[in-house]
Every structure is written in C-alpha cells, then in structure tokens.
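This report concerns only the one structure given below.
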Amino acid sequence: FFFFKQKTAYEISLGLVGSEMCIRDRYSQLHPNTRLRVIALNSFVQDTLNSYIWSNSTDRYGQLAWLEKTLDLCEKNDESAIIVGHFPPFTYAAMSMWSKRYNILIDRYANVIRGQFFGHTHQDSFQVIKSSKLNEVAGVAFEHSSLTSLGQLNPSFRKYEMDQKTYELIDYIQFRFNLTKANTQDIAEWKPSYRFKAYYNVENMRDETFSALAEKILVDDNYFRRYAKMVFAEGPRSISLMRNTGAKKQTYCKLTSPEIDLYDKCIGGIPFSFSQGYLYFMLGKYFLPPWEYAMQQRQNLSPIHI
C-alpha cells in the first residue's frame with residue numbers, strides 16, 4: 001500500500017514523514033523486511049521559479065548525482081526502488097536540462113525502478129518516459145489529484161496495489177470526494193471513482209501498457225473522453241476538456257514528452273529551453289542571490305550554466 005498526499009513532499013510510513021523539504025534534503029530508506037527502497041527527491045531544485053538554482057540548471061546541490069548513487073546501490077544490492085517527489089520533472093516549470101539528466105537515469109536504472117510518483121499539478125495523469133533503445137519504454141511516472149479542491153477539483157486520493165514479491169504495480173483505485181453532493185445535500189463521503197485496469201480496459205500496469213494507452217487517447221475519441229473525465233478529478237475542467245476532442249494531439253504530446261523541449265517539438269513549437277536560457281541571462285542580475293551573481297560576473301560566466 002502506498003499513499004501519496006499532494007501537499008506533502010512524501011508520506012511513506014509512520015517512521016518517514018515529511019512536508020516541504022529543505023533545499024538540500026533528500027531521503028532514501030529501505031522498507032522494513034523487504035528489498036524495496038523508497039527514494040524521496042527534493043524536487044524544488046528543478047523548479048524554474050527557484051532563483052537559487054539558476055546558476056546551475058543541471059544539478060544544483062547534487063540531487064541527481066545522489067539519485068544516481070542511490071540507484072546504483074539498489075542495483076548492486078539487488079533491491080527495487082520507487083521514487084517520490086512533490087514537483088514532476090516534466091512540466092513547463094521544470095528546468096529543461098535537469099529533466100534530461102533525470103530521464104537518462106530513469107532509462108539507465110529501469111531494471112530496478114518500480115514506480116515514480118509526483119504531485120504538484122493536481123492532475124490525475126501519467127507520463128511515459130521513452131528509452132534510448134528504439135521503440136522501448138524506460139518507465140512511467142504518475143501525477144496525482146490533490147486532497148485540496150484548488151483548481152475546481154474534487155478532492156482525491158489514490159491507493160496502489162503492488163506485488164509483494166516483484167514490487168511491480170498491479171492496479172490502483174482512485175477515490176473522490178463529491179463536493180457538489182457535499183454542498184447541496186450536506187453529505188460528506190469518499191467513494192471509489194474507478195480502478196485503472198477496468199476503466200481503461202487493460203490487462204496490466206506495465207510501462208508498455210501506458211505507451212499504448214497514450215496512442216489510443218490520440219486516435220480514439222472514447223479513450224480521450226475517458227482520460228479527460230478523470231484528469232481534472234471529474235470537475236468542471238474535465239467536462240470542458242471532454243467536449244474538446246481537438247485537444248487530443250496536445251494531450252498525447254503531454255503524455256509522451258517527458259522533457260519540455262520534446263513537448264514543444266511534438267506540438268510544433270519553439271524549444272522552451274532556449275527561452276529559459278535567455279530569461280535567466282537577462283533576469284539573473286535581479287533574481288539570483290547577489291553573492292552568486294557577483295561571483296559569476298567576476299568569473300565572466302553567464303547566469304546560467306549548462
């Protein structure tokens with residue numbers, strides 16, 4: 001059983017609970033009496049709004065180096081791993097170079113990673129991460145709806161089912177709190193909304209299954225509407241998206257582009273990392289910590305290092 005709460009960075013067991021983590025914090029813990037390691041990332045070191053990382057967008061504070069070392073330890077010790085964090089490494093607000101390096105690690109250690117779980121977006125969605133090997137999938141990352149109703153959402157939480165021997169995901173159940181019913185009938189209750197395998201008519205939760213599901217969402221109106229109904233927790237925004245089948249291409253690109261440059265290429269736009277670099281160069285003087293900006297000027301460096 002794994003419970004992910006949107007408003008905390010991670011919540012795994014009574015012995016390992018945290019809120020918004022400090023700038024250098026990250027955690028790794030082997031689950032008691034198992035060979036499953038839980039890796040909690042400090043995902044704020046990839047947030048474009050965090051000016052403290054603008055001078056090094058690839059791996060400020062060594063978060064990715066630590067992740068690589070931890071996953072290498074898992075591989076050597078014959079462990080499996082799940083990765084959790086608040087901020088997904090594949091949104092517009094994520095550092096492009098950080099995302100690229102993260103995805104390389106997911107590809108390299110696909111043999112030990114059993115799941116990736118993130119919040120922040122408040123969306124009921126997933127992200128397919130393609131492998132460097134042709135036509136293969138390196139992994140799938142999950143985004144989760146939130147307990148808060150922020151963004152016209154019905155509060156939600158999810159329960160995962162996992163094989164106790166292989167640690168592979170078997171299925172999940174999505175729970176919803178119906179705000180309309182609570183407000184109009186004064187009835188407060190949580191109810192199961194759907195089971196993943198039954199709702200999408202699939203046999204398993206393997207990486208290839210999600211890749212194939214994304215393809216169906218692109219070409220099949222029925223699958224697109226199923227996804228659209230759930231992505232915004234069955235709220236008004238979901239209803240609006242369900243009516244807009246013209247958004248299938250954009251939705252597909254989001255589901256299959258784990259880096260913002262890949263998303264822009266998929267929809268036919270300008271690579272966002274270019275505008276990111278220009279923005280940091282122009283605004284570094286005003287938003288970088290003063291001592292860092294002054295140091296970079298002495299060293300004749302631009303405010304962004306890739």
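The numbers here are math on the coordinates, done by the rules we state, and not lab data. Because the structure is a prediction, the values reported are computed rather than measured. Don't worry about glycine lacking a Cβ; one is built from the backbone with ideal geometry, like all the others, and counts go over all protein chains shown.
A few comments on the model shown:
- Projected-area mean, the range 137-192, by convex hull of Cα positions, square nanometres: 5.3
- Residue by residue, the range 168-179 carries 3J(HN,Hα) couplings of 7, 6, 9, 5, 9, 10, 9, 10, 10, 10, 7, 5 Hz when phi is fed to the Karplus relation 6.51 cos²θ - 1.76 cosθ + 1.60 (θ = phi - 60°); x denotes Gly or Pro.
- Considering only the Cα atoms of the range 119-214, their convex hull presents on average a projected area of 7.6 nm².
- Label positions at residue 168 and residue 208, each projected 7 Å from the Cα along the C-beta direction, are separated by 1.1 nm.
- Bridge orientation summary for the range 32-118: considering DSSP beta bridges with both residues in this region, about 10 percent are antiparallel.
- Computed from backbone phi with θ = phi - 60° and the Karplus coefficients 6.51, -1.76 and 1.60, the 3J(HN,Hα) list for the range 264-269 is 4, 5, 5, 8, x, x Hz; x is used for glycine and proline.
- Residue-count net charge about residue 163 - beta-carbon cut-off 11 Å; Lys, Arg +1, Asp, Glu -1: -1
- Residues in the range 127-137 carry Karplus couplings, in order, of 9, 7, 10, 6, 8, 5, 7, 4, 6, 10, 10 Hz; the curve used is 6.51 cos²θ - 1.76 cosθ + 1.60 with θ = phi - 60°, and Gly or Pro positions show x.
- Histogram of C-alpha separations across the range 54-135, 5 Å bin width, %: 3, 13, 23, 26, 21, 12, 3, 0
- Cα centroid separation - the range 236-253 against the range 162-214, whole Å: 20
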